[in-house]
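The values are calculated or read from the model by the stated rules, or taken from the named source; none is laboratory data. It should be emphasised that the depicted structure is a prediction, and the values quoted were computed from it without experimental measurement. Don't worry about glycine lacking a Cβ; one is built from the backbone with ideal geometry, like all the others, and counts go over all protein chains shown. To get the accessible areas, we keep the full protein, side chains included, count just its heavy atoms, and leave off ligands, DNA and RNA. Shrake-Rupley method; radii C 1.70, N 1.55, O 1.52, S 1.80 Å.
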Amino acid sequence: MMFKDLDIHEDTNTIVLFKETPEGSNMLEVVDIDTGQIRFSTSGRYVPLSPRISPTGKEIAFGCMDGKIYSMSLVDGTITPLVDAEGMHSGFGVWSADGSTLCFSSYIDSQTPPDIYTLNMNSGELTQHTNCNRCIDRFPQISPCGQYIVFTRHHLDEPNMPRRAMLLDVTDGRLVQLPQRNDTEIEIDRGCWSGDSKYIIVSELSGDDSCLQIYNVRSNSIQTTISFPDLQGGVFFQREENVLVLCKHEIVVTSMIDGRIEERFHLPDAISIAPTQRGPAAVLNPDETKVYICNEASSVYQLDLMDGEFELIIKDIVQNLSEKEEYKVVSYDGLHIPVHHFKPETAKDLGVLFVIGGPGEQLDDDDPILMKLFNEGYEVIMPAYRGCAGFGQEYQNANKGLYGKGDVEDIISCAKDWKKRNANRPLAIVGYSYGGFLTFLSMAHSEQPFDRGAALWAVTSLEHLGYHLPRAFPSDPVEKQEAMMKRNPLLQTGFIQRPLLILHGGQDTTSTNEEVLTIQQKIEEKGSRCELIIYEDGAHGLKNHRKELFEELLSFLDGTHVTYPTEEASK
């Protein structure tokens, strides 16, 4: 299994691990720090997201793919809903220092951006703190005194501007933007607040120019700037004026006042801190003598800040696809597209072009679907279509105005290149989420390079991607109108001529049952084959249906798939 995040509570000797199973589902494990014994774990009924242990150590709050936030008791493992309001999709929950408040972000539907909320744990009162229908408010962190919430905001009307850090005073609703450079992405990590609630650490990420900015809350000004190569994040020491700086190759203790280095701890080659949407997966213990690190290689290490020793305390066995070929393909406009190529010792005749989600995601050589395809004997190519992360900011911005066009042409170019290299062997396309959206449009492309395709929890329209919508189309109104038609799977999938499998969750907010049924109808009206299975209780990611998903996908690729009734095919 792959470790994605962790939290600790030393007083109760508890560590909770957020893990991805080999099938690609999510689970939580509550583990005894000393013995490594598993106390509790989530069942297949829940598809959890990053957990946070309450300050009392009595419960864990975790989001879930069904849009609810749950509590798991650390006494008996019982799971009950914490935030279960009708129609709300909530996540990224964090506790106040005294455990009396849970702060989180939530949205009503995919057309409504998320806002910031708090839940009073004593009265059950739910309070909405932001209400900007053109802003995406996420990743809140509540101050130790409970008066302030800092969170990230992205303006939908300014798609080319990075996220901002916003500071909210919950006593009077006053909202201010923290100062930052215009060209930097910001990240707010756990441990971002000083113990007296007077200062905030914000990570400004911009390649070699990344830094930690320490802000004075009262003056709304920068107190100190701390810069290191390969910076990942920073955490305040609560009882002294020091900062724990987390870098790719080292952990550094610096002065909050002037950035002076107090101590350095080099990270061994075997240890790398896993990134999360809320900063690096590292936790400073309460007495500030140890750092718990969730390693990208599915291990948990403990760094003793007193003697500089690293101790491996938990490790899982993980299969890695270590052998791969990397090459580049020239796309239609001259852009060079990176490709990861995996070929088993004995490969099937049918190859697979695997399209990751996004936009803006990074290639993952440990992706469960990729690994399953490889282990089943499929040769797989995985292109980093324009807009993918990991190849510089210019490459990530290369899809501006070209969603559903430039990235589709990248995929077509990679498919044609593979067929040329392999004597025109048959090739399937398999894509998930936004990769499923690209699968629809690539299958409908006039050049038709694919022999079959599978769209998994696919986005059916760019209108469902509110965060990306302002940068998806050309700015010219006439060109935009034309692009909205040509890049709409609901209008283009009638051109698909090869067999297509669609696996969809009935609770998905990036597509609807009606939309996938429309796509199936348009394909079949033209005499082509489209098999649709709707898992009515499935959310985006189909995390609770991975076993069935792999069975359906593999039988479809092998040509042994059994056709199910479409609308009734929930499981």
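A single member of 105, 110 is surrounded by 17 or more Cβ atoms within 10 Å (Cβ to Cβ), small (Gly, Ala, Ser) and modelled with pLDDT of 95 or more, and it is 105.
Within region 150-185, the set of residues being of a type in the set (Val, Ile, Thr) and either at pLDDT below 90 or farther than 28 Å from residue 5 by Cβ (or both) comprises 171, 176, 184. Within region 495-516, being part of a helix (DSSP H, G or I) and either among the aliphatic types (A, V, I, L, M) or surrounded by fewer than 16 Cβ atoms within 10 Å (Cβ to Cβ) (or both) holds for 514, 516.
Check every one of the strands (runs of 3 or more DSSP E) wholly within region 151-197 and list those with 3 or more residues that are on the phi < 0 side of the Ramachandran plot and out of contact with any Phe, Trp or Tyr (no Cβ under 7 Å at 6 or more places or on another chain).
175-177, 185-187
Within region 521-541, the set of residues being open to solvent by 10 Å² or more (accessible area, probe 1.4 Å), part of a helix (DSSP H, G or I) and either hydroxyl-bearing (Ser, Thr, Tyr) or in contact with a Ser or Thr (Cβ under 7 Å, 6 or more places away or on another chain) (or both) comprises just one member, 522.
Applying the selection to region 101-129, what residues are outside any strand (DSSP E or B) and either over 16 Å from residue 83 (Cβ atoms) or of a type outside the set (S, T, N, Q) (or both)?
First, pick out the residues of region 101-129 that are outside any strand (DSSP E or B): 108-114, 121-125, 129.
Listed by number, the residues that qualify are 108, 109, 110, 111, 112, 113, 114, 121, 124, 125, 129.
For region 413-426, a residue qualifies if it is crowded, with 22+ Cβ neighbours inside 10 Å and of a type in the set (A, V, I, L, M), and exactly one does: 415. Kindly indicate whether any position in region 164-176 is in contact with a Ser or Thr (Cβ under 6 Å, 6 or more places away or on another chain) and within 28 Å of residue 463 (Cβ to Cβ). No, there is no match, as no residue in region 164-176 is in contact with a Ser or Thr (Cβ under 6 Å, 6 or more places away or on another chain) and within 28 Å of residue 463 (Cβ to Cβ). Of the residues that sit in region 132-145 and are at pLDDT below 95 and in a loop (DSSP other than H, G, I, E, B), which one is nearest to residue 161 (Cα to Cα)? My answer is 134.
All of (1) assigned to a strand (DSSP E or B); (2) touching an Asp or Glu at 6+ places or on another chain (Cβ under 9 Å); (3) open to solvent by 10 Å² or more (accessible area, probe 1.4 Å); (4) not hydroxyl-bearing (Ser, Thr, Tyr) hold for residue 81 with one exception: (2). Quickly run through region 53-78 and pick out the residues that are part of a strand (DSSP E or B) and either in contact with a Gly (Cβ under 6 Å, 6 or more places away or on another chain) or among the small types (Gly, Ala, Ser) (or both). Selection gives 61, 63, 69, 71, 73. Can residue 27 be described as assigned to a strand (DSSP E or B), open to solvent by 20 Å² or more (accessible area, probe 1.4 Å) and not small (Gly, Ala, Ser)? In short, yes.
Among the residues of region 308-317, is any at negative phi, aliphatic (A, V, I, L, M), assigned to a loop (DSSP other than H, G, I, E, B) and open to solvent by 10 Å² or more (accessible area, probe 1.4 Å)? Scanning region 308-317 turns up at least one residue that is at negative phi, aliphatic (A, V, I, L, M), assigned to a loop (DSSP other than H, G, I, E, B) and open to solvent by 10 Å² or more (accessible area, probe 1.4 Å). The residue that is most open to solvent (accessible area, probe 1.4 Å), among those in region 435-489 that are under 21 Å from residue 387 (Cα atoms) and among the aromatic types (Phe, Trp, Tyr), is 467. Looking only at region 171-178, decide whether some residue is under 26 Å from residue 50 (Cα atoms), open to solvent by 10 Å² or more (accessible area, probe 1.4 Å) and over 20 Å from the mean Cα position of the chain (by Cα). No; the residues of region 171-178 include none that is under 26 Å from residue 50 (Cα atoms), open to solvent by 10 Å² or more (accessible area, probe 1.4 Å) and over 20 Å from the mean Cα position of the chain (by Cα).
The residue that is nearest to the chain's Cα centre (by Cα), among those in region 225-240 that are open to solvent by 10 Å² or more (accessible area, probe 1.4 Å) and over 15 Å from residue 289 (Cα atoms), is 232.
For residues that are in contact with a strand residue (DSSP E or B) (Cβ under 9 Å, 6 or more places away or on another chain) and hydroxyl-bearing (Ser, Thr, Tyr), scanning just region 339-388, find the one that is nearest to residue 469 (Cα to Cα). The qualifying residue nearest to residue 469 (Cα to Cα) is 385.
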